[in-house]
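Inspection log for the structure reproduced underneath, given as structure tokens.
The values are calculated or read from the model by the stated rules, or taken from the named source; none is laboratory data. Note that the structure is predicted; figures quoted are calculated from it, not measured. FYI the Cβ positions are ideal-geometry reconstructions off the backbone, even for glycines, and counts take in every protein chain you see.
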Amino acid sequence: MAIQGFDYKTFAQNLTEQAFQLVPQDFNEIQRNYVGNTLLNFSTIAGEALYNDKESNFDVEQAVMITQIIAEWSFHKSVDLVRSGLPQQFWDPIMQKIAFTIFEIAKQAFKQGLPQDQILQLIEHHVKKTYTDAIAELKEKNLIDDGLMEQATNQSNIDAMMQQAAEMEQAGEDPMGEMPQEHYAQAPAAGTPLKQTAQSPKILKLATLALLFKQMKQEKVQTILDKFSADDAQSVIKFMQMPDLHAKVDPNTAIRCLQEIKTSLPGSAQVLSPSKILKKVQNISNYLDRPKLEQFLQFERPKVKRFIFNALEGEFYEIAPRVANLITSHIEDSISHT
């Protein structure tokens, strides 16, 4: 029996229209169309398959969630492929592997009733592995060289978004800034379009942060929210619980809000000296010996591995200190939860 109320065609089209607003401005028309059409094709195919699935018994919310996950990753990885330098003839086969992987993993995860956080983390792991494995396969077939493989592997549009969130955490301040108590933003009731609350820029900023936080580990989100006022944190949590939040936030508004938040961060708090970063990395060896660390980092990008192992030898691999600190913090956090 088809999923009643699941208009997958309209949903896929709406996601595509939003995606076109988020395509990097430096992309040309062909690149823009590739990103948008890839998202449309895979979200439509997934939506149709879910709509006609007579065995899984998914409800509308689950079908929307799976379709949206495929759409979002189709966007991020197609952007990565455009920036990868790989010949365009390789893009579609890689995207097909990624979309198929997401669809199968998501279906099984929802069938098993896994928590949403676990589902998203599981899918992220398999998306990244599928992407890097597909590029490595091109190298094994001598279709690309080592340099192009490394360049393509290191592309990550989703990581760029995470970096903005991490910068907010490093700043150690509420990125919303000071505001009188009577003006604290409150999340609107479910079903209320955010455009009806547009008179409060702070509400839009909190909603934009909620969109970003929905992609992150719960522990990291909580660490950031602890720096917010109680009212603001509660508003963000309410926004994160909205299943249709993406449809409520205008993409252009989201981009503007992220930029405003980013530019409001104090610069001095965002960068650590190379010597301090080296010490942080070297402290990791107190918890894992080299063989275990190599195993732990097996799915990380080549540059990340090079940075970590150079740092263990007391050498600072030449990447931006801010990025180096983000990598180190990520690994520390991951190790602490293993």
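Output the residues belonging to region 1-43 that are closer than 16 Å to ARG83 by Cα and in contact with a Pro (Cβ under 6 Å, 6 or more places away or on another chain). Before you say what the answer is, go through the steps one by one.
Kept after step one, since they are closer than 16 Å to ARG83 by Cα, are these residues of region 1-43: 22-36, 38.
Result: LEU22, single match.
Among the residues in region 132-143, are any within 17 Å of the chain's Cα centre (by Cα) and either closer than 16 Å to TRP73 by Cα or aromatic (Phe, Trp, Tyr) (or both)?
From region 132-143, those within 17 Å of the chain's Cα centre (by Cα) are 132; that's our starting set.
Of the ones still in play, those that are also either closer than 16 Å to TRP73 by Cα or aromatic (Phe, Trp, Tyr) (or both) are 132.
Checked against the condition, which is being within 17 Å of the chain's Cα centre (by Cα) and either closer than 16 Å to TRP73 by Cα or aromatic (Phe, Trp, Tyr) (or both), region 132-143 yields at least one hit.
Determine if region 103-117 includes at least one residue that is over 24 Å from ALA19 (Cα atoms) and within 17 Å of the chain's Cα centre (by Cα). Please lay out each step first, then the result.
Quick first cut of region 103-117, residues over 24 Å from ALA19 (Cα atoms) only: 108-115.
Then drop every residue that is not within 17 Å of the chain's Cα centre (by Cα), which leaves none.
Checking region 103-117: not a single residue is over 24 Å from ALA19 (Cα atoms) and within 17 Å of the chain's Cα centre (by Cα).
Return the total of residues in region 6-36 being closer than 18 Å to GLN68 by Cβ and free of Cβ contacts under 8 Å to residues at least 12 places away in the same chain.
If we filter region 6-36 for residues that are closer than 18 Å to GLN68 by Cβ, which is where we start, we get 6-23, 35-36.
Filter once more, keeping what is free of Cβ contacts under 8 Å to residues at least 12 places away in the same chain: 7, 10, 17.
Result for region 6-36: 3.
Just give me the residues in region 26-76 being among the β-branched types (Val, Ile, Thr) and farther than 23 Å from HIS126 by Cα, in sequence order. Full working, then the answer.
Going residue by residue through region 26-76, those that are among the β-branched types (Val, Ile, Thr) are 30, 35, 38, 44-45, 60, 64, 66-67, 69-70.
Scanning region 26-76 gives ILE30, VAL60.
Can you name the residue in region 7-44 that is under 22 Å from LEU211 (Cα atoms) and not in a helix (DSSP H, G or I) and, of all such residues, is farthest from the chain's Cα centre (by Cα)?
Applying the filter and picking the extreme gives GLN25.
Regarding GLN222, is this residue at pLDDT below 70 and assigned to a helix (DSSP H, G or I)?
Values: at pLDDT below 70: no; assigned to a helix (DSSP H, G or I): yes.
It is false that GLN222 is at pLDDT below 70 and assigned to a helix (DSSP H, G or I).
Applying the selection to region 58-71, what residues are of a type in the set (Val, Ile, Thr) and not in a helix (DSSP H, G or I)? Break it down stepwise before answering.
Within region 58-71, the first condition is being of a type in the set (Val, Ile, Thr), and the residues that meet it are 60, 64, 66-67, 69-70.
Correct list: empty.
Among (1) at pLDDT 85 or above; (2) of a type in the set (Lys, Arg); (3) over 20 Å from the mean Cα position of the chain (by Cα), where does LYS54 come up short?
(1)
Contact list please: Cβ distance under 6 Å, first residue in region 281-298 and closer than 18 Å to HIS125 by Cβ, second residue surrounded by 13 or more Cβ atoms within 10 Å (Cβ to Cβ) and modelled with pLDDT of 75 or more, pairs at least six apart or on different chains.
Taking only residues 6 or more apart or on different chains, the pairs are LEU297/LYS305.
Any residue at all in region 258-269 that's in contact with a helix residue (DSSP H, G or I) (Cβ under 7 Å, 6 or more places away or on another chain), at pLDDT 70 or above and assigned to a helix (DSSP H, G or I)?
Among the residues of region 258-269, not one is in contact with a helix residue (DSSP H, G or I) (Cβ under 7 Å, 6 or more places away or on another chain), at pLDDT 70 or above and assigned to a helix (DSSP H, G or I), which makes the answer no.
So which of GLU55, GLU137, GLU124 ends up being more than 25 Å from THR223 (Cα to Cα), in a helix (DSSP H, G or I) and not aliphatic (A, V, I, L, M)? Full working, then the answer.
On the way: GLU55 fails: in a helix (DSSP H, G or I); GLU124 fails: more than 25 Å from THR223 (Cα to Cα).
Answer to the check: GLU137.
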